[in-house]
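One structure is given here, and the rest of the page talks about it.
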Amino acid sequence: MKITAISIFPEYFTPLDLSLIGKAREQGLIDFKAINLRDFTYDNHHTVDDTPYGGGAGMVMKPEPWGEAIDSALAETDAPVDLIVLTPAGSKFNQRKAETLASAKHIIFACGRYEGIDARVADFYRTQNQVRVHEISIGDYVLNGGEVAALVIIEAVTRLLPGVIGNPDSLAEESHNELGELEYPSYTKPANWRGLEVPEILLSGNHGAIAKWRREQALSRSQQNSSIEPQD
């Protein structure tokens, strides 16, 4: 999978050199590139934003550098491209979206800042062949920029690629799986820690009973979390 992130802070993506994603990059499973949006500006100050039409607080990111930066990324591939514009106004990211994006050939992340990217950027690329535009939010809150959101999506998507996770069976048992359930609680040695005991069933060696217990725990967790109401 090819991944391109466009940002005024490309250094934000150095964590992708670490852990499983870093190993996947070394193995050629993931081809990642960060592009500096300011490289596509032509004034002395490398300006990427301006005041909003209609007035209002904050600044809006200009369409010209975004168009040139995205075009440069598109020029590097003949495959269909999924362009993800990170915005708090986008559709909510979830495991189903991660699974869909895991089949993508090339994902481009547009990491906006300030009051966001001029809306014409997303509108324009929706008209382009071979480009699918997704406006995505990772939650009901506002971040300073889209870089953190892009890192979240990159990790959620790339861990689903064949060869990235050492034991692919673990993907079937984790939270938000195909059944929509949360994962059962896990324990390891020692059996007693600070007066807290590992559930006795897990020490029984009865794999049928353990599987039944884990299933019950997963269902219970899922029901409890779905019924939690926000507090004032």
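The values are calculated or read from the model by the stated rules, or taken from the named source; none is laboratory data. No experiment lies behind these values; they were computed from the predicted model shown. Cβ coordinates were reconstructed from backbone atoms using ideal geometry, including for glycine residues, and neighbour counts include every protein chain displayed.
If we scan the range 17-25, do we find a residue that is within 30 Å of R159 (Cβ to Cβ) and in a strand (DSSP E or B)?
Keep residues of the range 17-25 that are within 30 Å of R159 (Cβ to Cβ), which gives 17-25.
Restricting the remaining residues to those that are in a strand (DSSP E or B) gives none.
No, the conditions are met nowhere in the range 17-25.
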Completion exercise
Residue hits (the range 138-157; within 16 Å of Q95 (Cα to Cα) and among the aliphatic types (A, V, I, L, M)) are I138, A149, A150, L151, V152, I153, I154, A156, V157
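Okay, residues lined up against (1) modelled with pLDDT of 95 or more; (2) touching a helix residue (DSSP H, G or I) at 6+ places or on another chain (Cβ under 7 Å):
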| residue | (1), (2) |
| --- | --- |
| L20 | no, no |
| F40 | yes, yes |
| D43 | no, no |
| A73 | yes, no |
| E76 | no, no |
| S103 | yes, no |
Fill in the blank from the handout: Filter the range 101-137 for residues that are in contact (Cβ under 8 Å) with a residue 24 or more places away in the chain and β-branched (V, I, T); the one that is nearest to A89 (Cα to Cα) is I136
Exercise for the section: Filter the range 6-45 down to the residues that are among the basic types (K, R) and within 16 Å of G163 (Cα to Cα), then identify the one that is surrounded by the most Cβ atoms within 10 Å (Cβ to Cβ). Expected result: R25
Practice task
State yes or no: is V48 under 14 Å from D118 (Cβ atoms), of a type outside the set (F, W, Y) and under 16 Å from the mean Cα position of the chain (by Cα)?
Solution key: no
